[in-house]
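**Student:** Just passing along the structure, written as structure tokens.
Every number here is computed from the coordinates shown, using simple stated rules; none is lab data. Everything quoted here is computed from the prediction, not taken from an experiment. Here the Cβ positions follow ideal geometry from the backbone for every residue, glycine too, while neighbour counts run over all protein chains shown.
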Amino acid sequence: MRTLITDVRVFDGERTTSRANVLIDGDRLAEPDDRPVDVEVDGSGRTLLPGLVDAHTHTFDGSLAQALTFGVTTELDMFCLPGNLARQRESAAGHDDVADLRSAGTLATAPGGHPSQLMGGIDQADAFGGDAVGAFDTIADPGQAEAFVRARLAEGADYLKIVVDDGAVHGTRLPALAPETVTAVVEAAHAAGLMTIAHAITAREVAIALDAAVDGLAHVYADAEPEDPAGFELAERIAAQGVFVVTTLAYFEAISGQVGAVDHAHPGNLRNAVHAARVLHRAGVPLLAGTDANPFAPLHGAALHRELVLLTEAGLSAVEALAAATSVPARHFGLTDRGRIAPGLRADLVLVQGDPTRDVSATGEIVEVWRRGVRQARKSIVD
């Protein structure tokens, strides 16, 4: 199948071309030529984007299909139990009507540590495909680090997520990995060729993750008040160490109770999270758009469009926000075949009405989605 999209504005993941023709040849992008095409799509007044990448999700049955409806062609999952992961991988590999998937598999946490306290409310039969809630591997001390990483490799993990969380942000106390255990896990993962991403939500937890030399952070820190100089100092350190940060502002908005709400009493409130994203951006830290989408809230697919708006409220330009959901996560997660629009890359594309390079909310005005060159049937979207 050859599809030509004509007279379209193109954001290629890094820069914008005001008018161009883009050719889909099979599952790849190609240079337009004079050969016949099977389908021609009018791009006038529209913008073509690379397929969106959500850099922090938790994938369950139905999640990948919902994500693709909203133009998210790749999800980077941050915790998925083995039975569920095998099922989602099979779906993503064999079907073009769902988003593609990369996953951390089973995350590293202390026995009884986060997210154990959250999992009782999830229907294990529906969500985990037979995996028993609470039965996932944990790690108690540095001596278990190498075996834990080997198990993740056997599970097929693409990278490793490490929880550095004592429960304070959840208003409770939870067992947490000791700093020396975090360091041992990072070292074992790096020796095995796995990138490491830390779940750390407070400034103290982020410092532990940085001491251990993690590659990325799964959230912005959200306990530093805007006037607290510690937040600025931490941003400078993150930048100096070359660590990327997945923003998950939509998650902080969701736990605040309603869209636009700011719970000043909550240690993970939206105001602090948006401020942290602003400070990190000014410090030159690479920001990746991610939502922490899960079975409840935020919602798969839809939340990434809200994340882009929140990123512009944190000071990113519309183009910078779009890059945070396309080329930037692709680069940091080694997805060399996507995240940009260029000949030879996967034909993962989103066509939207209007110009999201000026008003990023236009990403929600989806006209067409292609995943691996397959044009998706448009479905009714209810916000």
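**Student:** With no solvent and one equal point scatterer placed on each C-alpha of region 3-155, evaluate the Debye formula and give log10 I(q)/I(0) for q = 0.14, 0.17, 0.21 Å⁻¹, two decimals.
**Tutor:** -0.79, -0.98, -1.32
**Student:** Now for a separate question. Under the 0.36 nm per residue contour assumption, what length would be gained going from the current alpha-carbon distance of A151 and D211 to full extension?
**Tutor:** That works out to 19.2 nm of additional length.
**Student:** Moving on to the next point. Give the distance, in whole Å, between the Cα centre of region 19-93 and the Cα centre of region 141-157.
**Tutor:** Rounded to whole Å, the Cα centres lie 31 Å apart.
**Student:** Calculate the FRET efficiency for L118 and V39 from the Cβ-Cβ distance with a Förster distance of 41 Å, rounded to the nearest 0.05.
**Tutor:** In this case the efficiency is close to 0.35.
**Student:** Now, a different point. Kindly express, to the nearest 10 degrees and within the range 0 to 90, the angle between helix 302-313's C-alpha long axis and the longest C-alpha principal axis of the chain.
**Tutor:** Computed tilt is about 80 degrees.
**Student:** Can you compute 3J(HN,Hα) from phi for each residue in region 193-206, using the Karplus curve 6.51 cos²θ - 1.76 cosθ + 1.60 with θ = phi - 60°, rounded to whole Hz and x for Gly and Pro?
**Tutor:** Ordered by residue, 3J(HN,Hα) equals x, 9, 6, 10, 10, 9, 7, 8, 10, 9, 4, 5, 5, 4 Hz.
**Student:** Working from Cα positions, state the angle (0 to 90°, nearest 10) between the long axis of helix 179-191 and the longest principal axis of the chain.
**Tutor:** So the helix axis and the longest Cα principal axis differ by about 40 degrees.
**Student:** If amide hydrogens are placed 1.01 Å from N in the peptide plane, which non-local residues have theirs closer than 5 Å to the one on L217?
**Tutor:** A198, F244, V245, V246
**Student:** What is region 105-256 by shape, rounded, prolate or oblate, if you read a ≥ b ≥ c off the alpha carbon gyration tensor as root eigenvalues and call it rounded for a/c under 1.5, prolate for a/b larger than b/c, and oblate otherwise?
**Tutor:** Oblate, since a/c reaches 1.5 and b/c is not below a/b.
**Student:** Continuing with this model, one more query. Taking 8 Å as the Cα distance limit and 6 or more residues as the minimum spacing, I'd like the relative contact order of region 52-337 as a percentage.
**Tutor:** Relative contact order here is 18 percent.
**Student:** If you don't mind, there's one more thing I want to ask. Charges on Cβ only, +1 for Lys and Arg, -1 for Asp and Glu, centred on the Cα centroid of region 52-337; of T172, L234, V149, which one is farthest towards the dipole's positive end?
**Tutor:** Going by the Cα projections, it comes out as L234.
**Student:** Treat the count of other C-beta atoms within 10 Å as a stand-in for reagent exposure and order D42, D137, D34 from fewest to most.
**Tutor:** Ranked by crowding around the Cβ, least crowded first: D34, D42, D137.
**Student:** With every atom except the alpha carbons ignored, what do you get for Rg and Dmax of region 52-337, in angstroms?
**Tutor:** Gyration radius and largest Cα-Cα distance of region 52-337: 17.3, 50 Å.
**Student:** Please label the shape of region 265-325 as rounded, prolate or oblate, based on the square roots a ≥ b ≥ c of the eigenvalues of the alpha-carbon gyration tensor (a/c under 1.5 means rounded; beyond that, a/b larger than b/c means prolate, else oblate).
**Tutor:** Note, shape of region 265-325 comes out oblate.
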